[in-house]
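Visitor: First the structure, then my questions, so here it is.
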Amino acid sequence: MAEPVVRLKGVVRDFFDGVRTRRVLQQTDLDVFPGEFTVLAGPSGSGKTTLLTIMGLVLAPTLGRVVIAGEDVTGYSEDRLATVRLRKFGFVFQTAALVPALSAMDNVLIATGVQGGRVTPELRKRADTLFEDLGLKEYARLSPAQLSGGEQQRVAIARALISDPSVLLCDEPTSALDVDSSKLVLDTLKRLSRDPKRGVVLVTHDPRVFPYADRLVKIEDGAIAHDTREIGGGDE
Amino acid sequence: MRRHAAVRMLLHDRATTAGSVLGVVAIIFLVGQQLATLSGLVSYMSVLVDRSGADIWITSKDTDNINSAGDLPMKYVDRLLALDDIEWAEPLVLAGGLLKREDGQFQPVRVVGLARPRMAGGPWEFAEGDIGVLLDVDAVTVDRLDLETLGGPEVNDVLEISGVRVRVAGITDGIQGFAGTLVFASEEKAREVGRVSDDRCSNILVTLRPDAKPNHALARIRALLPGAEAYTTAELATNTKLYYLTETGIGFSFGFTTFAGIMVGVVIIVLTMYTTVLNRVRDFAVLRALGARKSDIRLIVLYQALVIGLIGTLIGFFLLAGFLFGTRGSQLPSSMPLWIPPLHALFTLLLCVAGSGLAIRRATRVEPASAFR
Ligand SMILES: Nc1ncnc2c1ncn2[C@@H]1O[C@H](COP(=O)(O)OP(=O)(O)O)[C@@H](O)[C@H]1O
Ligand SMILES: [Mg+2]
């Protein structure tokens, strides 16, 4: 098997809820592989987002190590982590979370330019291609408020892909969408996971998403309860 | 892209952006207007000295300004003329008097008596007549801006100042004193008004030969006249301004209003920028999650502060220019030396940046993880 794009080793996360410290994520080992559509499933409050944000270097684990494409980033400064996020990760949030002040196109371009990087003609071309692939061509100049929920979420996917990330992390990206939009978004993500250089992780509590999974990881009470590969409909 | 995003965000949050801009406009306009008035007043304070054409002023011992008329022996004039550094030396007689208006009321005036034929220290801007009219012993000039205060005298009217009859021979244009209405007259009339005897004068004006060294000449004058003080024109002007600014409380009063204007503007800027950031916390969280460092967020907000500052400064100066042109030539003192606007703009931009500090703090404290909630 290929080298994992994300490797969690003995990762733990505690939260202080105002009264006491609670272990939200039990000691967890998890490898995410490229070319695979990994679905993290579990009931609300089970720790899915916590796990996903630790993988994405957005949240620091209380204990344990995080290795990104062979590089142990544990203990990196905030700025260095931000730079790794910028280079390696694409994020899709529960709501599209577009910046309302920016056009659809600018929302995508800002994702490569937040650290001051210039928008090169190549980047612009790449963005155009993404918009075309995602059926967003005529929406590029519109502001998020002028788009439907499904269209906004597709813009968010384009934003996640603009820097050609090796990991795409999606937190319940279809929970706010209607059935048709959900299917469109899931089909898109599934197609993207076929890229042998990219891993896709999707968090959900919706069993209707399970059929899309190459690998289904079930989480209960902050711990991995099942981890199955369902390629071809069966276990490994 | 960061700067582009910063500007788009400002345009999107029009109401709060306009509020912040208003804060900057308030600072530029209120403070600028105060500065213009103060600088107008300050220029009045030393106007006689500044416009005298003299290089050196002689004053009484222990007098470092020309608020109070000095008292010097006339024979100093001849002594000064004996120095070979000196081109000319002329006495000036300052006298306080009461001008009787046509309606019988009295108005205090400051009579400036000029020695013929050079008329050193005389008026320099005329609405009617010229300095030649003062060669007549009875002649005086009054200023266009003081006509109303003085009961509307016209050229060739005969008036009384402290019981001394004088004839209005010319009207000066915008020559305003600080310590009273200026009336220029002959040396003799000023003596009569102020009961200054023929062997005394208030000040002596001196100009040096072109090749003379001012410091050297000053030292020689001081040695020659141990009973008097000698100042360069610039020194005396500065001393006089400082005297009025500190002794009359005018400095404090203007300082306070200026400070109040600044505070009002800064409070508006701080509150509106903070509000804008509060409304955009979610955007900053998303940008952070996408890979923005704290410094990138800081840069965005800082850039917004600068843009707000620049726009507010432009609008503020536009309004200020309108105000200054509108009040030009009126009795309202106002002047805007060219060095003030750039400093004022720079100072305001710095205030704007400082005022964005709270907003920046809030924006950089946003956790990237909160984008997932
Ligand atoms: N910042 C936080 N502070 C305190 N508790 C938190 C924080 N984030 C998450 N939690 C708690 O951790 C648990 C797991 O949260 P989360 O990972 O968001 O679950 P899921 O995404 O599966 O719904 C929840 O009980 C939640 O209340
Ligand atoms: Mg969640």
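Visitor: Grab the Cα-Cα distance for B:LEU242 and B:LEU81, subtract it from 0.36 nm times how many residues apart they are, and report the gain in nm with one decimal.
Guide: Working: separation 161, 0.36 × 161 = 57.96 nm, distance 3.07 nm.
Full-extension gain reported as 54.9 nm.
Visitor: Going Cα to Cα from B:LYS189, which lysines come in below 17 Å? Please leave out same-chain ones fewer than 8 positions away.
Guide: Here the lysines satisfying the reach criterion relative to B:LYS189 are B:LYS100.
Visitor: Right, next: Whole angstrom only: what separates the Cα centroid of the stretch B:300-329 from the Cα centroid of the stretch B:346-373?
Guide: 23
Visitor: Using a probe radius of 1.4 Å on protein heavy atoms only, what is the accessible area buried between chains A and B, both sides summed, to the nearest 100 Å²?
Guide: Working: alone 11790 and 18090 Å², together 27310 Å².
Summing both chains' loss of accessible area gives about 2600 Å².
Visitor: Between 0 and 90 degrees, rounded to the nearest ten: what's the tilt of helix B:294-326 against the longest Cα principal axis of chain B?
Guide: 30
Visitor: Post the alpha-carbon centroid distance, the stretch A:74-106 to the stretch B:1-66, in whole angstrom.
Guide: 45
Visitor: Send over the Kirkwood Rh of the stretch B:62-226, from the inverse of the averaged 1/r over different Cα pairs, rounded to one decimal Å.
Guide: By the Kirkwood definition, the hydrodynamic radius is 16.6 Å.
Visitor: Still on this structure: Once the whole set of protein chains is in place, how much accessible area is left on A:ASP128, using a 1.4 Å probe, in Å² to the nearest 10?
Guide: 80
Visitor: Hey, any idea what Rg/Rh is for the protein assembly as shown, computing Rh the Kirkwood way over Cα pairs?
Guide: 1.31
Visitor: Net charge near B:GLY355, counting Lys/Arg +1 and Asp/Glu -1 over other residues with Cβ under 15 Å of its Cβ?
Guide: Spelling it out: positives minus negatives among the neighbours equals +3.
Visitor: Taking the 0 to 90 degree range and rounding to the nearest ten, how far is the long axis of helix B:281-290 tilted relative to the main principal axis of chain B, both from C-alpha atoms?
Guide: 60
Visitor: Turning to a different aspect of this structure: Express in Å², to the nearest 10, the accessible area of B:HIS12 obtained by rolling a 1.4 Å probe over the protein heavy atoms while all chains stay in place.
Guide: 80
Visitor: Over the heavy atoms of A:GLU78, what accessible area does a 1.4 Å probe trace out, to the nearest 10 Å²?
Guide: 100
Visitor: Same structure, new question: Can you report the principal axis dimensions of chain B using only the alpha carbons, biggest first, rounded to whole angstrom?
Guide: 93, 52, 30
Visitor: In peptide B:292-305, how many Cβ atoms from other protein chains are near each Cβ within 10 Å, on average?
Guide: 3
Visitor: Another question about this same structure. Identify the residues of the stretch B:330-351 with backbone N under 14 Å of a label point that sits 7 angstrom from the Cα of B:LEU147 along the Cα-to-Cβ direction, or state none.
Guide: Correct set: B:330-331.
Visitor: Counting alpha carbon pairs within less than 8 Å and at least 6 residues apart, what relative contact order, in whole percent, applies to chain A?
Guide: 30
Visitor: What is the distance in Å between the Cα centroid of the stretch B:220-250 and that of the stretch B:98-169?
Guide: 27
Visitor: Please turn the phi angles of the stretch B:244-257 into ³J(HN,Hα) values with the Karplus equation 6.51 cos²θ - 1.76 cosθ + 1.60 (θ = phi - 60°), one per residue in order, whole Hz, x for glycine and proline.
Guide: 5, 4, 8, 7, 9, x, 5, x, 5, 4, 5, x, 5, 5
Visitor: If you take every residue apart from A:SER44 with its C-beta less than 15 Å away from the C-beta of A:SER44, what net charge results, scoring Lys and Arg +1 and Asp and Glu -1?
Guide: So the surrounding residues net to -2.
Visitor: Computed over the Cα atoms of the stretch A:112-229, what is the convex hull's projected area averaged over all directions, in nm²?
Guide: Projected area, direction-averaged: 8.9 nm².
Visitor: Once phi is turned into ³J(HN,Hα) by the Karplus curve 6.51 cos²θ - 1.76 cosθ + 1.60 with θ = phi - 60°, what whole-Hz value does each residue of the stretch A:220-228 show in order, with x for glycine and proline?
Guide: 9, 6, x, 9, 6, 9, 9, 8, 10
Visitor: Please average, across the residues of B:231-243, the number of beta carbons from any other chain that are within 10 Å of each residue's own beta carbon, and give a whole number.
Guide: That works out to 0 on average.
Visitor: At 7 Å along Cα-to-Cβ for each site, give me the label-to-label distance between B:GLN331 and B:ASN279 in nm.
Guide: The answer from the label model is 4.7 nm.
Visitor: Sticking with this one: Karplus couplings for the stretch A:199-211 from phi (6.51 cos²θ - 1.76 cosθ + 1.60, θ = phi - 60°), rounded to Hz, Gly and Pro as x?
Guide: x, 10, 10, 10, 9, 7, 10, 9, x, 5, 7, 3, x
Visitor: Next up: From other protein chains only, count the Cβ atoms within 10 Å of every residue's Cβ in A:53-59, then give the mean.
Guide: Going residue by residue through A:53-59 and averaging, the value is 4.
Visitor: Between B:THR272, A:PHE89, B:TRP88, whose Cα lies farthest towards the positive end of the dipole of the protein assembly as shown when Lys and Arg beta carbons carry +1 and Asp and Glu beta carbons carry -1, centred on the Cα centre?
Guide: Result: A:PHE89.
Visitor: Let me ask you something else. How high is the relative contact order of the stretch B:157-312, in percent, counting Cα pairs under 8 Å that sit 6 or more residues apart?
Guide: The normalised contact order for the stretch B:157-312 reaches 8 percent.
Visitor: What number comes out for the charge environment of B:LEU225, summing +1 per Lys or Arg and -1 per Asp or Glu over other residues with Cβ under 12 Å away?
Guide: Spelling it out: positives minus negatives among the neighbours equals +3.
Visitor: Then there's this: Accessible area, 1.4 Å probe, largest first: how do B:GLU148, A:GLU220 sort?
Guide: Of B:GLU148, A:GLU220, the descending order of accessible area is B:GLU148, A:GLU220.
Visitor: Enumerate by residue number the chymotrypsin sites (Phe, Trp or Tyr not before Pro) in the stretch B:281-356 meeting two conditions: DSSP loop (anything except H, G, I, E, B), and at most 11 other Cβ atoms within 10 Å of the site's Cβ.
Guide: Qualifying residues, ordered by number: B:TRP339.
Visitor: Considering amide H positions built from the backbone, and no H for Pro or chain starts, which residues 5 or more places from A:ALA69, or on another chain, come under 5 Å of its amide H?
Guide: Under 5 Å from the amide H of A:ALA69: A:VAL6, A:ARG7.
Visitor: Moving to a separate point now. Quick one: of A:LYS137/A:LYS190; A:LYS88/B:LYS294; A:LYS190/B:LYS294, which pairs are farther than 24 Å apart, Cα to Cα?
Guide: A:LYS190/B:LYS294
The values are calculated or read from the model by the stated rules, or taken from the named source; none is laboratory data. From a predicted model like this one, the values you see are computed outputs, not experimental measurements. Here Cβ is always computed from backbone atoms with ideal geometry, including for glycine, and neighbour counts include all displayed protein chains. Accessible surface is based on the protein model in full, side chains and every heavy atom, while ligands, DNA and RNA are left aside. Shrake-Rupley method; radii C 1.70, N 1.55, O 1.52, S 1.80 Å.
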